[in-house]
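Participant: Quick one: the structure is below, and I'll ask about it shortly.
The values are calculated or read from the model by the stated rules, or taken from the named source; none is laboratory data. Note that the structure is a prediction, hence the values are computed from the model and not measured. When we count neighbours, we look across all protein chains shown, and the Cβ atoms used for this are built from the backbone with ideal geometry, even at glycine. Side chains are part of the model used for accessible areas, which takes the heavy atoms of the whole protein and leaves out ligands, DNA and RNA. Shrake-Rupley method; radii C 1.70, N 1.55, O 1.52, S 1.80 Å.
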Amino acid sequence: MKFDTPAGPNPIDRGRVVGIPHDRIDGAAKVTGTAPYAYERHDVAPNAAYGWIVGSAIAKGQIRSMDLRTAEAAPGVLGIVTHANAGALGKGQFNTAHLLGGPAIQHYEQALALVIADTLENARDAAKLVRIDYAPEQGRFDLKAERLHGTMPPASFGSPADTRVGDFDGAFARAAVKIDQSYSTPDHSHAMMEPHATTAAWNGDKLTLWTANQMIAWSVGEMAKTLGIPKENIRLVAPYIGGGFGAKLFLRADALLAALGAKQIGRPVKVAIARPQIPNNTTHRPATIQRIRLGAGKDGVIDAIAHEVWSGDLPGGGPETAAQQTRLLYRGANRITAHRLAVLDLPEGNAMRAPGEAVGMLALEVAMDELAEACGLDPVELRIRNDVQFDPEAGPQRPFSSRKLVECLRAGAQQFGWTKRNPKPGQVRDGRWLVGMGMAAAFRNNITTDSGARIGIDGQGRVTVETDMTDIGTGTYTIMAQTAAEVLGVEVDAVTVRLGDSRFPASAGSGGQWGANSSTAGVYAAAMAMRAKLADKAGYPIDDARFEDGLVKMGNQSQPLGALAGRDGLWVEDRIEFGDLAKRYAQATFGAHFCEVGVDIDTAEVRIRRMGGAFAAGRILNPKSARNQVIGAMTMGAGAALMEALDVDTRFGFFVNHDMAEYLVPVHADIPEQDVLFIEELDDKSSPMKAKGVGELGICGAGAAVANAVYNATGIRLRDYPLTIDKLLHAGMPVVAA
Amino acid sequence: MKAFTYERARSVEAAVKAAASVQSARFIAGGTNLLDLMKLQIETPAHLIDVNHLGLDKIEPTQEGGLRIGALVRNTDLAADQRVRRDYAVLSRALVAGASGQLRNKATTGGNLLQRTRCPYFYDTRMPCNKRRPGSGCGAMQGMSRSLAIVGVSDACIAQNPSDMAVALRLLDAQVETMAQGGAKRTIPLADFHRLPGDTPQVDNALQPGEMILSVTLPKPIGGIHVYRKVRDRASYAFALVSVAAVFGQNGQARFAFGGVAPKPWRTDGADAAASQGAKAVAEAALAGARTTPHNDFKKALLRQTLASLYRQQEAQA
C-alpha cells in the first residue's frame, strides 16, 4: 500500500479498539516470567555453552601478543575466539569500531576475546587468565580540548551538518535583546534493564541468533556483512526485549561473538555483555558542547537564532545532531545551525533515545528561559509568540503536517497551575526548601519508515499478525492487535501477534520513535488487503462490505470470518510504503513540560516535586502504553538534568563509573506524580493511522524544564549538565546564610 | 569468580577453627558485597565458611544497660528493633538510609562493618589501585575522585568507607566483640576497628586473619535528639557524598560522626567540642588537615552546609 496522499476517512477512525487504553496483551507472560528473553532460550537452544567477553584494558594501541594457554587449560573451557582465529570479518555499516578488536585496539573494553566454557563461572574465571601484552598508543579523550580540531561531518540520514538562512550576523547585531550562552551535556549510558544478550546456534551453514535487538532486518544484513555469508543463511529472533533506548539498534559484540563461538565449538553458545562492561564496550550518547545565540525584539519575537554543536566520536563516527530541533521549532528569518565533530578515542558514540533533540533541547530550552527573563516575558508566552506553522528554514511552502505546540503550552500550563509561579527567582520557601517552577517546550521529529506485515485468519476466525517488528517494552504487541482488530472487526483477544523474527515480513523496527506509527500502518495495509480478500470470498463488493463482530456483512447478510477462511486459512502480506509527504510537509511531534522542584536551602539537594506535560503526537493508539512511554521519557529527562553522566578519565580514556552503583539514574524516590495530557490530534499526512511517534517526545525538553525550575528556585543558572550539588555549591548556594 | 570450597559451620568455635586451617578462607554472611567482589576477582577466597546459622542473630540487653547486637542480625531487623528505635534512633535512621530494602534484608551487622570501598578504580581490576594491588599506584588521586575521601587519606589511597551503619555505631561508641584464632575473645572499640590507609591501604580493619565478629555492643543509651542526615545525588539507593550522624543534648552539647568523607567512620573530639559554636566551627574541627582534589573539594562546603541544615532544624524544633 502506497501512502503518498493524505489519508481520508478509514476504518481506524471507528475508534472501537484503536485509541482505547487497552492492557498489554503480553503483560501476563512478562509478569509471570514466561516471556522468553534472549539469554534464556533453553527451550530452543538446549545445551548452550557460555561465553565471556575479554575487553581491552587500554583505550588505543596494538595487541603485541596474546597468551591463551593458561585460559585454555582452565576447567571447563571449550574454546576461545580471538581476531587471530575468527577468520576474516567485515564490519556493518552501522558499527564504527570493530565488534571484535585486534590486533589494533580502538577503545577501552573493546572485545578482544570470547572465552567459552561449560558454565558461566568457568568462562568468567578463565577469561581472567587470558594474558594480553599491549603496545599502548596516545589517544584523544577530552572533548573540550579536541573540539578545536572538529570538522564538518557529512550529512546524516539526509540531514546536512550545517544550515544557514538569511543574514544571522547582521540580524543578531541589530537585535534589541541578545542571548549568547554555552551549554554542555555529558556522555550518557542507555542503562536499559536487559543487558545485550544473544544465544547462537549453527545448523550446517545456517545461523540462528536469539538476541536482544531493536532492528531485525538491519541486523540480519549487518551480520551477513560482518561474517561474509548470505543474508538468507541468518535468522534473527527477538520476540521479547528488555528495553533498548537505542543501545540495541545495531549489532553488538554479544551477537557476533556468540555466532563465532558457536561455530568454533560446534554447539550453541550464549553471550551477555556484563553490566560493568556495557558503558565502555557498547555505544553511548556522546557528550556535547553547545553555543546558542538568540536575537529578539523587546517583544520577544526572534529574528536571529544560531545553534552550534560540538561532539566527538571515533574516526569514521558521527555527530550528536543536537541542533536538529532548532531548524524547526521557532520562527526567525535569520538562522544558523552547525555541527562539528572531533575525533575521540573513547568508546563509540551512537543513538540514544531521541538522539539530537534529547540534549539539544537541554540547551535550547534553557536559552529560551533566559530570553524570556531578558524580555520580561512569561516563558510560555515567549514560546507562543515564536510559534511558526511552517518549516522556518524552507518557508511557508513547507507547512507542518500538524503542529499543536501552542495548544500544548496552554493546556499544559493550565493543568499544572503555571500562573502560580513567581517569575522572580529565589523567592518561594517551603520549610527547608526553596521552591521553583520551570517549563520547556517538547519537540521531536516524526519519522516514517516502510513497514511490512502478514495477516492470517484460520477456520475459527482467529487472526494472526506476523512482522519482524520488535516490542522493546513499548507496547507494540498490543497496538498491533488493536490495529488488526479494528480493521477486521474482531475483538483484540481474537488476535495473536507474533513479532521479532526475521522470517516474518520486514518492518520499521523500533527506533527514532518511528516504530509504532510505521509498523501499525504496515499492519493496517495488510489488514486492508485481507478485507479485500474476505469480501471477494464472500462475494460482496468491497465498498458494500462491513467488518463487524467477527463477520463480513452486506445489508442484512453476513458470513463469519472463520467460514470464509476455511480449513486452510487465508493469508495476505502487504507493506506500507511512504511517499514524499514527509518532504512536502514538515512532520514533528510537540508538547510542553512543566516541573516544580525543591532545592534544599543549605545542602543544594534538588528534589523534583511535580512534573506535568501536554503532548500532541497525532492519534494516540493506546493512551495507556503511550502514557507509559511519556512518563518513562520524562523520568529519563529528569535523570539527564540532575544525575546522569559517564565520567571520562582523560588519562586512561574510559568511562570510570561503569556500573549501576556509580552511573546513577533516577529511582522511584526521585520521581513524584507525573501528569500527562494528550492533546487531540489526527495527522492525515503522517500515515493512514493518522498517528505520529510518541516514544521519545517525552524526554525532549523534560530536563530543561527541571533546569529552569532549579533556576527559578535558586536564582542560580547552571549550564553544565547534570545539575549536581557540587556545581550549585560552587555557583553560590546557599543563597540563604546559615 | 575463582572456584572455592564451601562449608556451613556448626558452631562459632568450628567456624574460627576452620578459618585457621584453610589458607585464604573467608566468612560469608549476607554476601551482598563479598559475592560482587568475588565475581570481579577483587576477592579470591579459596574457601567460604557460612556463618549464617550460628545463632548470632539476636539483640540482647547487656549488663551495663546497653545492647548486644549479634553479628548476623540483618540490617532490616536491627533498624526495626523497638529498643534501637527508642534508645539509638540514629542507628535506625542510618540503616534505613543505606542500600535498598532487598539489600538490607540480606546484609548483616558484622558484614556491613566489613564492606569495602566504592572507589571506581578499586572496582576495575585493570586500573592501578594500592588497596586492591599494593604498590600498583592510585588511579583515583589524579582521576575521577568526586565520591572519595578528603580526610584521613594518605599518599597511597583516598578511598572512602561507604557505610552508613558504621557512622552511627561510631557515634554511639560501639564496640566490636570478636573471636580470634584459638578461640580467644577480644573487644575492639569501633574507633579502632577501621584503619586509616597509611602506606598499607590494603588492610581495611583491625581484624587478624581468621578472626570473626561475634557481636557489636552499644553502651547504655545517652538520650538526646538523634539525627542522621545523608546527602547524595539521588533520593535513595546511592552512597553518601557526605553524611552526618548527630546526637544533640542539653545546653548546646552535641556529638557528631561523619560518613562519605574518610576511609573510616569519622569522628573527632574537636568537632564535638565545637558543638556550641555552630556548623562552621564543627565542620572546621572535623575536617582539620583535609586533603582534597579538585573533584571532591566541594565536600568541605557540603559537610558544613549539612551541619548548618541540622542546626537549623534543631533551632526550629527548640
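Participant: For segment A:488-562, just run the numbers: alpha carbon Rg, then divide by 2.2 N^0.38 Å, N being how many residues it has.
Facilitator: Working: Rg = 14.8 Å, N = 75, 2.2 N^0.38 = 11.3 Å.
With N residues counted in segment A:488-562, Rg over 2.2 N^0.38 Å equals 1.31.
Participant: Moving to a separate point now. Jot down the per residue volume, in cubic angstrom and as a whole number, of the convex hull over the alpha-carbon atoms of segment B:5-52.
Facilitator: Details: hull volume 2.9 nm³, N = 48.
Measuring per residue, one finds 60 Å³ for the Cα hull of segment B:5-52.
Participant: For the protein assembly as shown, state what percent of all Cα-Cα pairs lands in each successive 10 Å bin, counting from 0 Å until the bin that includes the largest distance.
Facilitator: 2, 10, 18, 21, 20, 16, 9, 3, 1, 0
Participant: Taking A:Lys2 as the anchor, which aspartates and glutamates have their alpha carbon closer than 13 Å to its alpha carbon, excluding any fewer than eight residues away along the same chain?
Facilitator: Counting by Cα, and skipping residues close in sequence, A:Lys2 has these aspartates and glutamates nearby: A:Asp450, A:Asp574, A:Glu577, A:Asp580.
Participant: Still on this structure, I have one more. How big is the charge dipole of chain B about its Cα centre, in debye rounded to the nearest 20, if each Lys and Arg gets +1 on its Cβ and each Asp and Glu gets -1 on its Cβ?
Facilitator: Approximately 600 debye in magnitude.
Participant: Continuing with the same structure: Among B:Ala273, A:Ala262, B:Thr44, which residue has its Cα positioned farthest towards the positive end of the charge dipole of the protein assembly as shown, with +1 placed on the Cβ of Lys and Arg, -1 on the Cβ of Asp and Glu, and the dipole taken about the Cα centre?
Facilitator: B:Ala273
Participant: With no solvent and one point per C-alpha, what does the Debye sum give as log10 I(q)/I(0) for segment A:178-264 at q = 0.12, 0.15, 0.19 Å⁻¹?
Facilitator: -0.41, -0.56, -0.80
Participant: May I have the extent of the alpha carbons of segment A:279-391 along their three principal axes, as whole Å values ordered from largest to smallest?
Facilitator: 49, 24, 23
Participant: Based on the Cβ-Cβ distance from A:Ala532 to A:Glu137, what FRET efficiency comes out when R0 is 51 Å, to the nearest 0.05? If you can, show how the numbers build up before the last one.
Facilitator: Working: r = 63 Å, r/R0 = 1.24.
That gives a FRET efficiency of 0.20.
Participant: So if I take the centroid of the Cα atoms in segment A:1-53 and the same for segment A:341-367, what is the distance between those two points in Å?
Facilitator: Centre-to-centre (Cα) distance: 29 Å.
Participant: I'd like the distance between the alpha-carbon centres of segment A:587-611 and segment B:1-58, rounded to an integer number of Å.
Facilitator: 46
Participant: With viscosity set to 0.890 mPa s at 25 °C, what whole-number translational diffusion coefficient in µm²/s follows for segment B:225-316 from Stokes-Einstein and a Kirkwood radius over Cα pairs?
Facilitator: Estimated via Stokes-Einstein, D reaches 186 µm²/s.
Participant: What are the extents of the Cα atoms of chain B along their three principal axes, in Å, largest first?
Facilitator: 56, 49, 32 Å, listed from the longest principal axis down.
Participant: May I ask you to list the lysines whose Cα is less than 25 Å away from that of A:Lys91, ignoring any residue fewer than eight positions away on the same chain?
Facilitator: A:Lys60, A:Lys206, A:Lys225, A:Lys231, A:Lys248, A:Lys263, A:Lys270
Participant: Reachable aspartates and glutamates from B:Lys230, Cα under 18 Å, same-chain residues fewer than 8 places away excluded?
Facilitator: In chain and number order, the partners are A:Asp600, A:Asp602, A:Glu605, A:Glu662, A:Asp670, A:Asp726, B:Asp164, B:Asp297.
Participant: Pick out, from A:Pro103, A:Gly698, A:Ile601, the residue whose Cα sits farthest towards the positive end of the charge dipole of the protein assembly as shown, with +1 on the Cβ of Lys and Arg and -1 on the Cβ of Asp and Glu.
Facilitator: Of the options given, the answer is A:Ile601.
Participant: Same structure, new question: For peptide B:123-133, what's the mean number of Cβ atoms from other chains within 10 Å of each residue's Cβ?
Facilitator: Details: counts 7, 11, 2, 8, 5, 1, 0, 0, 0, 0, 0.
Partner-chain Cβ atoms within 10 Å, mean over residues of B:123-133: 3.
Participant: Another one. Cross-link list A:Lys583/A:Lys685; A:Lys727/B:Lys299; A:Lys727/B:Lys131; A:Lys424/B:Lys300; B:Lys17/B:Lys185; B:Lys131/B:Lys264: which exceed 19 angstrom alpha carbon to alpha carbon?
Facilitator: A:Lys727/B:Lys131; A:Lys424/B:Lys300
Participant: Have a look at the DSSP beta bridges in chain A and tell me what percent are antiparallel, nearest 5.
Facilitator: If I count the DSSP bridges inside chain A, around 75 percent turn out antiparallel.
Participant: Contour minus end-to-end for A:Thr70 and A:Thr163, with contour as 0.36 nm per residue of separation and end-to-end as the Cα-Cα distance?
Facilitator: Computed gain between A:Thr70 and A:Thr163 is 27.8 nm.
Participant: For every other residue with a beta carbon closer than 12 angstrom to the beta carbon of A:Gly297, add +1 if it is Lys or Arg and -1 if Asp or Glu, then tell me the sum.
Facilitator: Working: positive: A:Arg174, A:Lys178, A:Lys298, A:Arg331, A:Arg385; negative: A:Asp299, A:Asp303.
Every neighbour counted, the sum reads +3.
Participant: So, one more: Sort B:His47, A:His730 by accessible area with a 1.4 Å probe, largest first.
Facilitator: Final ranking, largest accessible area leading: A:His730, B:His47.
Participant: When the dipole is taken about the Cα centre of segment B:5-52, and only Lys, Arg (+1) and Asp, Glu (-1) are charged at their Cβ, what size is it in debye, to the nearest 20?
Facilitator: For segment B:5-52, the charge dipole is close to 80 debye.
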